[in-house]
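Reviewing the structure listed below.
The values are calculated or read from the model by the stated rules, or taken from the named source; none is laboratory data. Remember, it's a predicted structure, so these values are computed and weren't measured experimentally. Ideal geometry is used to build each Cβ from the backbone, glycine not excepted, and the neighbour counts take in all protein chains shown.
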Amino acid sequence: MNDVTTVAVEAEGLVKQYGGRGGTVEAVRGVDLRVEAGEVFGFLGPNGAGKSTTVRMLTTLLSITAGTARVAGIDVAADPDAVRRRIGVALQEAGLDPRQTGRELLTLQGRLFGMSPRAAAARAAELLALVDLEEAGDRRIKGYSGGMKRRLDLASALVHEPDVLFLDEPTTGLDPASRLTVWDEVRRINAAGTTVFLTTQYLEEADQLCDRLAIIDDGRIVREGTPQRLKDELRERLDLDADPTLDDVFLDATGRTRGRVAGDVQEVSA
Amino acid sequence: MSQAWVLGHRALREGWRTPEALLPTLFIPLFFLVVNVGQAAKIFPSASTSFLHGQGYGAFQLPSSLLLAASFGTAALFLVEDIEGGYFDKLRAAPVSRTAIVLGRLIAEAVKAVVIATAIVVLGLVFGIEIASGPLGFVLLVVLTALWAVVFVGFMQIIALKTRSAAATNSAGLVFFPLLFLTPNFVPRDLLTRPMEIAATLNPVTYVMEALRSLILQDLVWEDVVPGFAVVVVLGAVMLALNVRVMRRYD
């Protein structure tokens, strides 16, 4: 681990606009965020709310239209390469090369982060053991199951021991057993000192894993706090007898009901 | 530069593990060579056709096949697969220079083109074609073909990065066919009709083809060879600059 400031991720007035033939679409409309070092921070929202767009800006993959963002204390727009050295990224679809073996992919990743061939090979072996893919390590990735690909993707994001790990919907499409395995990995990674910034649509996942979370809707942050504090706030505000669930918090924050489902929201892709 | 080599090595492995994408780049040019020679060889008998310099018509047609082999641009299609599969973002999220990402694929394309061009020329030798410019000419022939492959895949990579679409990238590759046929493909430039001669003179591929042809049919004639290398060097520099620019602006 490198030394980091106490703030792992900080965004102020973050805006992303896309221009197109149909006019300008504002996918993210002034997001403010603060994630402390060592936290597991959950970033929730319905489809098209701006989760992935925000993550892509924070991870240098997308230009920032307005506002500022600092990750591991470094300005994302001013020094993206320095940010890339301090973050690990596992995006929505496991970004893997199906023609390589798991070992080759991890070794290549190590080499791209400046390791010698020997050090990269050693790190690849270590990570394969860590995510329980030792036996499959020399098989081509195209033959891996969804859960194996997710674990390998996680491992590839850890090659350089990042300060901040961005996980964009890491368990989408996984069966329950694979999901639990990924949760265990996230807990273990965080226990080792890495800040985790996690987007998810699964509220149970956020409840299980996150120290704090923010809910984004229509490009704006509509709730932020610990899961318990958000539930307490809803119970007090609505004067409920029983503890609400995070689902209730989410529905209240986003105004979703059975009459207004995610499909009503304009999808924006990067 | 080491990152470019590492990525180039990965791109070569990718090509090696996808023979179904690589083999047509060898067999289709050979097919055209056989067909073109079969259709036109009797019109141009070696004994009475001065522009053949004593060789068969196959020697005259070999450059077209080499250029075709170098103009498949499969690396650009692999790039689209990387983009669609998310691996491209994985690379972009790593501290890898944008130039290295582009150069890695171009290096791999050059190596693949060297292998394929060598195979085609060696097959030509087996069937009686001679490289009149000798061993140095052989090397120049292969190097020039490989440099053209870099130019062409550079063009296709720009389309891939701008459109992120396999269909659009594939279609863009078809631009090579008008470029190939607006050249002294079947006869030397001075035997073309005037409009075709003007079109061929304006077409940069003509100078690459004439350089390749000169290396096969004649001793080293530098005034024929140099323009071909000048074209690939200038176009290669332009394509590299455009690729890096598009990569840096990729959002």
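Just checking, does the range A:140-153 include any residue being touching a strand residue (DSSP E or B) at 6+ places or on another chain (Cβ under 6 Å) and within 12 Å of chain B (Cβ to nearest Cβ)? Spell out how you get there, then give the answer.
Step one: of the range A:140-153, the residues touching a strand residue (DSSP E or B) at 6+ places or on another chain (Cβ under 6 Å) are A:140, A:153.
Next, from what is left, pick out any that are within 12 Å of chain B (Cβ to nearest Cβ): A:140, A:153.
Checking the range A:140-153: at least one residue is touching a strand residue (DSSP E or B) at 6+ places or on another chain (Cβ under 6 Å) and within 12 Å of chain B (Cβ to nearest Cβ).
The set of residues in the range A:155-181 being surrounded by fewer than 23 Cβ atoms within 10 Å (Cβ to Cβ) and in a helix (DSSP H, G or I) consists of A:PRO176, A:ALA177, A:SER178, A:ARG179, A:LEU180, A:THR181.
Taking first residues from the range B:57-77 that are at positive phi and partners that are crowded, with 24+ Cβ neighbours inside 10 Å and in a helix (DSSP H, G or I), the Cβ contacts under 7 Å between residues at least 6 apart in sequence or on separate chains come to B:GLY73/B:PHE152; B:GLY73/B:VAL153; B:GLY73/B:MET156. Can you pull out every residue in the range B:108-130 that is charged (D, E, K, R) and in contact with a helix residue (DSSP H, G or I) (Cβ under 6 Å, 6 or more places away or on another chain)? Matches in the range B:108-130: B:GLU109, B:LYS112. When the range B:204-238 is filtered for residues that are aliphatic (A, V, I, L, M) and closer than 16 Å to B:VAL187 by Cβ, the ones remaining, listed by number, are B:VAL205, B:MET209, B:LEU212, B:ILE216, B:LEU217. Scan the range A:140-154 for residues that are in contact (Cβ under 8 Å) with a residue 12 or more places away in the chain and part of a helix (DSSP H, G or I) and jot them down. Correct list: A:ILE141, A:LYS142, A:GLY146, A:GLY147, A:MET148, A:LYS149, A:ARG150, A:ARG151, A:LEU152, A:ASP153, A:LEU154. Remark: pairs (first residue in the range A:5-18, more than 15 Å from A:ALA49 (Cβ to Cβ); second residue of a type in the set (S, T, N, Q) and modelled with pLDDT under 95; Cβ separation under 6 Å; 6+ apart in sequence or on different chains) = A:GLN17/A:THR24. Among the residues of the range B:57-116, those identified as facing chain A (nearest Cβ under 9 Å) and not in a helix (DSSP H, G or I) are B:GLY86, B:ALA93, B:ALA94, B:PRO95, B:VAL96, B:SER97. Here the range B:52-89 is the region considered, the condition is being of a type in the set (Gly, Ala, Ser) and under 30 Å from A:THR60 (Cα atoms), and the residue that is modelled with the lowest pLDDT is B:GLY73. Contact list please: Cβ distance under 9 Å, first residue in the range B:106-133 and among the aromatic types (Phe, Trp, Tyr), second residue part of a helix (DSSP H, G or I) and surrounded by 21 or more Cβ atoms within 10 Å (Cβ to Cβ), pairs at least six apart or on different chains. The qualifying pairs are B:PHE127/B:GLY58.
Among the helices (runs of 4 or more DSSP H) contained in the range B:155-238, which hold 1 or more residues that are polar (S, T, N, Q) and without any contact (Cβ under 8 Å) to a residue 60 or more places away in the chain? Give the derivation first.
Numbers: elements: B:166-173, B:176-181, B:194-202, B:204-217.
Passing ranges, in order: B:166-173, B:194-202, B:204-217.
Is there a residue in the range A:239-249 that is surrounded by fewer than 18 Cβ atoms within 10 Å (Cβ to Cβ), within 29 Å of A:ALA72 (Cβ to Cβ) and either touching a Leu at 6+ places or on another chain (Cβ under 8 Å) or away from chain B (no Cβ under 14 Å) (or both)? So far as the range A:239-249 goes, no, none of its residues is surrounded by fewer than 18 Cβ atoms within 10 Å (Cβ to Cβ), within 29 Å of A:ALA72 (Cβ to Cβ) and either touching a Leu at 6+ places or on another chain (Cβ under 8 Å) or away from chain B (no Cβ under 14 Å) (or both). When A:GLY50, A:GLY30 are screened for being of a type outside the set (A, V, I, L, M, F, W, C) and within 27 Å of B:VAL246 (Cα to Cα), only A:GLY50 passes.
Filtered by the rule that a residue be closer than 21 Å to B:THR18 by Cα and among the basic types (Lys, Arg), the range B:65-113 gives B:ARG105, B:LYS112.
Yes/no per residue for (1) within 14 Å of chain B (Cβ to nearest Cβ); (2) among the hydroxyl-bearing types (Ser, Thr, Tyr); (3) more than 18 Å from A:ASN190 (Cα to Cα); (4) in contact (Cβ under 8 Å) with a residue 24 or more places away in the chain:
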| site | (1), (2), (3), (4) |
| --- | --- |
| A:GLY22 | no, no, yes, no |
| A:VAL31 | no, no, yes, yes |
| A:GLU39 | no, no, no, yes |
| A:PHE43 | no, no, no, yes |
| A:MET57 | yes, no, yes, yes |
| A:LEU61 | yes, no, yes, yes |
| A:ASP75 | no, no, yes, no |
| A:ASP79 | yes, no, yes, no |
| A:ALA90 | yes, no, no, yes |
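Contact map, the range B:1-21: residues that are within 11 Å of chain A (Cβ to nearest Cβ) paired with residues that are aromatic (Phe, Trp, Tyr), Cβ distance under 6 Å, separation 6+ or inter-chain. Pairs shown: B:GLU14/B:PHE78. On inspection, B:ALA132 passes the criterion of being more than 30 Å from A:ARG111 (Cα to Cα) and not in a helix (DSSP H, G or I).
Among the listed residues B:LEU217, B:LEU180, B:LEU235, B:LEU212, which satisfies the condition of being modelled with pLDDT under 95 and buried (at least 17 other Cβ atoms within 10 Å of the Cβ)? Lay out the reasoning, then the answer.
Numbers: B:LEU217 fails: modelled with pLDDT under 95; B:LEU235 fails: modelled with pLDDT under 95; B:LEU212 fails: modelled with pLDDT under 95.
None of the other options fit; the residue is B:LEU180.
Consider the range A:116-139 and keep the residues that are surrounded by 13 or more Cβ atoms within 10 Å (Cβ to Cβ) and free of Cβ contacts under 8 Å to residues at least 12 places away in the same chain. The one that is nearest to the other protein chains (Cβ to nearest Cβ) is A:ALA119.
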